[in-house]
Amino acid sequence: MTKPLLTVLEGAEVKCPPVWLMRQAGRYLPEYREVRSRAGGFLDLCYSPALAAEVTLQPITRFGFDAAIIFSDILVVPHALGQGVRFEEGHGPVLDAIRDRQGLSGLSREGVTERLAPVYEAISTVASRLPSATALIGFCGAPWTLASYMIEGGSSRDFLEVKRWAYGDPDAFAQLIDLLTDACAEHLGRQIDAGAEVVQIFDSWAGVLSSREFERWCVAPMQAIVARLGDSHPGVPVIGFPRGAGLGYEAYGLRTGVTAVGLDTTVPLPWAVEAVDAIVQGNLDPALLVVGGAPLRAEISRIRQVVGDKPFIFNLGHGVVPQTPPENVALLVEWLRQ
Ligand code: 1CP
């Protein structure tokens, strides 16, 4: 059985673009909230193979997406490197912030993939249960985005601490980026060994950098990860998501070697399909999935018209938000496939 997502990532034509959504498993689904309440903490859910597999499959069962993305989080990598990471209810992630080169000594590459073994176990469980046309996506956070959480200690408004370090002590910052580049390449490789057929790398905070820093801390590490995977796991497609990169999407498509790029909502789609040297994915505004109805339907038609018969993966410009009515997601899939 062919899988439409893999067909498109080979650059071949399909009748209807494959569809999956970032954060397709999550709080907007009542069945997710039910499992989440049984799991204890959010990280307990990430590290419980049976429960993580169950929530990964929930949106596949409900909506019939063309791909499942393994339920996990980008912050399991800093956690496995030895950093304190907690998820506080209604507050998001909280990390024991690393502020300088001394902080690096608390991180260790040894044993990272052993600590992440539950993720690989969840992947092999999902792989054995997926419908035959559904692809399985593994993922990780990009080094810059992970470094920003590790140094800011959580979400940030101005990214001042991570920039203070990147500008003020670039050699030590490069050591952190290199450590993360290694850990990410290894984590993705192990996900592929366990059954992931595609990997996506989330650089959610790529958009806060100047263009030179973007080149150094986003493009270069991404290029290194793609090259490493090309050696260790040749032929496995890589999707990069440099959210907010703006005109930087062009350099990113040209130089990282990714198979596909995820476009955030702000990128003009007609520009991207011409200018970006990679297959494109995205960039429906997640708010339209909350609104639903005619505005959602019109935007789906517009996107399909703009991409025409070019290889394209239907997705949002960022994750599904918790306020999204699940019925609108069902309609999106139905309208798209009509
Ligand atoms: O209690 C809960 O259920 C918390 C909500 C939640 C969920 C559902 C978090 C906390 N993480 C996740 C799962 C998750 N995170 C997935 C699962 C697979 C899927 O897409 O269905 C994925 C791919 C992620 C990736 C992730 N985590 C990113 C990159 C994508 C993005 O949203 O930009 C980032 C930045 C994170 C960090 C994170 N984890 C959770 C939250 C609330 C955040 C963001 C905090 C912030 O805004 O800075």
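Does region 6-29 hold any residues that are open to solvent by 20 Å² or more (accessible area, probe 1.4 Å) and within 18 Å of the chain's Cα centre (by Cα), and which are they? Lay out the reasoning, then the answer.
Of all residues in region 6-29, those open to solvent by 20 Å² or more (accessible area, probe 1.4 Å) come to 6-7, 10-16, 23, 27.
Within region 6-29, LEU6, ARG23, ARG27 qualify.
Among the residues of region 104-120, write down those that are surrounded by fewer than 14 Cβ atoms within 10 Å (Cβ to Cβ) and either more than 20 Å from LEU176 (Cα to Cα) or of a type in the set (Val, Ile, Thr) (or both).
Scanning region 104-120 gives a single hit, GLU114.
How do the pairs read when you match residues in region 30-57 that are under 18 Å from LEU75 (Cβ atoms) and open to solvent by less than 30 Å² (accessible area, probe 1.4 Å) with residues anywhere that are in a loop (DSSP other than H, G, I, E, B) and not small (Gly, Ala, Ser), using Cβ under 6 Å and keeping only pairs 6 or more apart or on different chains?
CYS46/ASP73; ALA52/PHE71; VAL55/PHE71; THR56/ILE70; THR56/PHE71
For region 281-306, which residues satisfy the criterion of being in contact with a Pro (Cβ under 8 Å, 6 or more places away or on another chain) and touching a residue at least 12 places away in the same chain (Cβ under 8 Å)? Can you show your working first?
First, pick out the residues of region 281-306 that are in contact with a Pro (Cβ under 8 Å, 6 or more places away or on another chain): 288, 290, 292, 304, 306.
Residues satisfying the conditions are VAL290, GLY292, ARG304, VAL306.
Could you say whether any residue in region 291-314 is modelled with pLDDT of 95 or more, in a helix (DSSP H, G or I) and within 16 Å of the ligand (Cβ to nearest atom)?
no
Counting only residues that are more than 10 Å from the ligand (Cβ to nearest atom), surrounded by 20 or more Cβ atoms within 10 Å (Cβ to Cβ) and closer than 17 Å to PRO143 by Cα, how many does region 66-84 have? It would help to see each step written out before you state the result.
Residues of region 66-84 more than 10 Å from the ligand (Cβ to nearest atom): 66-67, 77-84.
Next, from what is left, pick out any that are surrounded by 20 or more Cβ atoms within 10 Å (Cβ to Cβ): 66-67, 77-81, 83.
If we keep only those that are closer than 17 Å to PRO143 by Cα as well, we get 77-81, 83.
Here the count works out to 6.
Going through region 11-65 one residue at a time, which ones are more than 12 Å from the ligand (Cβ to nearest atom) and not in a helix (DSSP H, G or I)?
Scanning region 11-65 gives GLY11, ALA12, GLU13, VAL14, LYS15, CYS16, PRO17, PRO18, VAL19, TYR47, SER48, GLY64.
Looking only at helices (runs of 4 or more DSSP H) that lie completely in region 121-196, which have at least 3 residues being under 18 Å from LEU104 (Cβ atoms) and open to solvent by less than 10 Å² (accessible area, probe 1.4 Å)?
Working: elements: 143-152, 160-168, 170-194.
The helices (runs of 4 or more DSSP H) meeting that bar are 143-152, 170-194.
Could you grab me the full set of residues in region 279-316 that are open to solvent by 20 Å² or more (accessible area, probe 1.4 Å) and β-branched (Val, Ile, Thr)? Working first, answer last.
Initial filter on region 279-316 (open to solvent by 20 Å² or more (accessible area, probe 1.4 Å)): 279, 285, 287-288, 290-291, 293-295, 297-299, 301-302, 304-306, 308-311.
Result: ILE279, VAL290, VAL291, VAL306.
Which number in (1) within 16 Å of the ligand (Cβ to nearest atom); (2) in contact with a strand residue (DSSP E or B) (Cβ under 6 Å, 6 or more places away or on another chain) marks the one condition that THR259 misses?
So the condition that THR259 fails would be (1).
Looking at (1) free of Cβ contacts under 8 Å to residues at least 12 places away in the same chain; (2) outside any helix (DSSP H, G or I), find the lone condition where ARG99 falls short.
(1)
Within the set of pairs 6+ apart or on separate chains, which have a first residue in region 80-91 that is under 21 Å from GLY106 (Cβ atoms), a second that is in a strand (DSSP E or B), and C-beta atoms under 6 Å apart?
Here the result reads GLN83/LEU95; VAL85/LEU95; ARG86/VAL94; PHE87/PRO93, each pair linking region 80-91 to a residue that is in a strand (DSSP E or B).
Which pairs do you get when a residue that is closer than 13 Å to THR56 by Cα, found in region 127-147, comes within reach of a residue that is open to solvent by 10 Å² or more (accessible area, probe 1.4 Å) and of a type in the set (Asp, Glu), reach meaning Cβ atoms under 7 angstrom, with the pair 6+ apart or on two chains?
Going by the 7 Å Cβ cut-off, the qualifying pairs are THR134/ASP66; ALA135/ASP66; ALA135/GLU197; LEU136/GLU197.
Name the residues in region 231-267 that are among the small types (Gly, Ala, Ser) and touching a residue at least 12 places away in the same chain (Cβ under 8 Å), would you? Before you say what the answer is, go through the steps one by one.
Restricting attention to region 231-267, the residues satisfying the condition of being among the small types (Gly, Ala, Ser) are 232, 235, 240, 244-246, 248, 251, 253, 257, 260, 262.
Across region 231-267, the qualifying residues are SER232, GLY240, GLY244, ALA245, GLY246, GLY248, ALA251, GLY253, GLY257, ALA260, GLY262.
With GLY244, GLY240, GLY319 as the choices, which residue is open to solvent by less than 60 Å² (accessible area, probe 1.4 Å) and in a strand (DSSP E or B)?
Numbers: GLY244 fails: in a strand (DSSP E or B); GLY319 fails: in a strand (DSSP E or B).
So the residue among GLY244, GLY240, GLY319 that is open to solvent by less than 60 Å² (accessible area, probe 1.4 Å) and in a strand (DSSP E or B) is GLY240.
Condition check: among the hydrophobic types (A, V, I, L, M, F, W, C) and open to solvent by 10 Å² or more (accessible area, probe 1.4 Å). Does ALA206 satisfy that?
Working: among the hydrophobic types (A, V, I, L, M, F, W, C): yes; open to solvent by 10 Å² or more (accessible area, probe 1.4 Å): no.
In short, no.
The values are calculated or read from the model by the stated rules, or taken from the named source; none is laboratory data. Quantities reported herein were computed from a predicted structural model and do not represent experimental measurements. As a convention, Cβ positions derive from the backbone with ideal geometry for all residues, glycine included, and neighbour counts pool all protein chains shown. These accessible areas exclude ligands, DNA and RNA; they are computed on the full protein's heavy atoms, side chains included. Shrake-Rupley method; radii C 1.70, N 1.55, O 1.52, S 1.80 Å.
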